[in-house]
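Asks: Sharing a structure below in structure tokens format, with a few things to ask.
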Amino acid sequence: MEKVNKNVDISKMDQEQYNYEPFADTEEYRKVNTDCIHSWVEIMRRKGVSGIEALLDVATGAGTMVQIVFDNLPDSWKTAAVMCLDQSSEALKLAHSRLEKTVDRLKMVHSSIEDMTIPDQSVDIAVWGNGIHYLSKDDQLDSIKRIKKALKPGGLLFFNTAFYEEARPADTLPFYRTQVKNAVHYLRERGVKRQKSDVKTEAAKFLPKSYYEDLVEQAGFKLVEASEFTLEMHREAWEYISAFQQYAAGALRGYPISEAIEAMRGSVEPALEQHGRPDRDGELFIPRKWLAISAEA
Ligand SMILES: C[S@@+](CC[C@H](N)C(=O)[O-])C[C@H]1O[C@@H](n2cnc3c(N)ncnc32)[C@H](O)[C@@H]1O
């Protein structure tokens, strides 16, 4: 029997070219990022920050991190100028439309982090949400050094990722294996062939927490905190993240992307039914961990 659910509502996802947005809009995603940001605002207070002149948001995406940061800042800090940097112009357009009512002094910067040119010592706080894992180790180090140059002395860098070694606890691995196995089976049944590809996406590398702790120190920062947050992810969130191009491409390397997305998304439900844990309402979930790093320039 084919274990792929074909009754998934794809209308919202397929209209998006920038297709991270549906996942970013889930309650779960907002919750885990809000938990991270609460801890970061607490660190700012502990460090004696009493206001922010300039905030840099690296890999802005749909602008989710800036929105949550502003929702959680004291009112008197909300005059901060915000620079949103992303290599996707589509993401920047979307972020601009979402943030223009929240942020008075908003500037969109169309650039990769590797090519970022921002004046030295011009930023108080840098946030890099859910994006560092896309880069190679060398590019990560180089980019963190760039951010350090852009920060004022004593400025703070915060980043998080759910793509690191400890993100998938050992007892959750059968869920991922079953999802991929079902997805591959689905593709084979349809005669979809793997196109030869030796490229391993960076997200598939899952570097350990200790690596990220060392990374900031290597770039000349002082590590302030490395915390982990656990998120209970339910079916809809898994379907949205599975439909995110980079995620599907990382899980099913070498397959044509639109077919890989279809197969990964449809394989969520049967894998959850087999391996999910019921929450208080009986809804099945698989826990996923997020790493949040705070560092001082
Ligand atoms: C998964 S989204 C995260 C968006 C947002 N920061 C959040 O936490 O919800 C990753 C974003 O990183 C951007 N991105 C990926 N690699 C990048 C790079 N090297 N430089 C700048 N932006 C990059 C993508 O265009 C995408 O908008």
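The values are calculated or read from the model by the stated rules, or taken from the named source; none is laboratory data. All of these numbers come straight from a predicted model, not from anything done at the bench. With ideal geometry, Cβ positions are generated from the backbone for all residues, glycine too; neighbour counts draw on all protein chains shown.
Asks: Does Leu252 satisfy the condition of being surrounded by 14 or more Cβ atoms within 10 Å (Cβ to Cβ), away from the ligand (no atom under 15 Å from the Cβ) and more than 19 Å from Asn19 (Cα to Cα)?
Replies: So Leu252 does not fit the description; no.
Asks: Same structure again: Out of the residues in segment 181-204 meeting the condition of being surrounded by fewer than 16 Cβ atoms within 10 Å (Cβ to Cβ) and closer than 11 Å to Ala251 by Cα, tell me which one is modelled with the highest pLDDT.
Replies: My answer is Lys181.
Asks: Let me confirm something: among Arg280, Arg288, Arg253, which residue is within 18 Å of the chain's Cα centre (by Cα), basic (Lys, Arg) and not in a helix (DSSP H, G or I)?
Replies: On the way: Arg280 fails: within 18 Å of the chain's Cα centre (by Cα); Arg253 fails: within 18 Å of the chain's Cα centre (by Cα).
Result of the check over Arg280, Arg288, Arg253: Arg288.
Asks: Another question, then. Consider segment 77-119. How many of its residues are near the ligand (Cβ under 9 Å from one of its atoms), among the β-branched types (Val, Ile, Thr) and in contact (Cβ under 8 Å) with a residue 60 or more places away in the chain?
Replies: Count: 0.
Asks: Checking Phe70 against (1) within 12 Å of the ligand (Cβ to nearest atom); (2) in contact with a Leu (Cβ under 9 Å, 6 or more places away or on another chain), only one condition comes out false. Which one?
Replies: Only one criterion is unmet by Phe70, namely (1).
Asks: For Lys222, all conditions in the list (1) surrounded by 16 or more Cβ atoms within 10 Å (Cβ to Cβ); (2) away from the ligand (no atom under 16 Å from the Cβ) hold save one; what is the number of the exception?
Replies: (1)
Asks: In segment 140-165, what residues are closer than 25 Å to Glu21 by Cα, surrounded by fewer than 23 Cβ atoms within 10 Å (Cβ to Cβ) and out of contact with any Leu (no Cβ under 7 Å at 6 or more places or on another chain)?
Replies: Ala162
Asks: For segment 229-246, how many residues are surrounded by 15 or more Cβ atoms within 10 Å (Cβ to Cβ) and assigned to a strand (DSSP E or B)?
Replies: Kept after step one, since they are surrounded by 15 or more Cβ atoms within 10 Å (Cβ to Cβ), are these residues of segment 229-246: 229, 231-246.
So of that shortlist, the ones also assigned to a strand (DSSP E or B) come out as 229, 231-234.
Adding up the residues that qualify gives 5.
Asks: Right, something else. Tell me, which residue of segment 120-147 that is over 24 Å from Glu53 (Cβ atoms) and of a type in the set (Asp, Glu) is nearest to the ligand (Cβ to nearest atom)?
Replies: Asp139
Asks: Related question: On the basis of being touching a residue at least 24 places away in the same chain (Cβ under 8 Å) and more than 25 Å from Lys31 (Cα to Cα), does Val224 make the cut?
Replies: No: the conditions fail for Val224.
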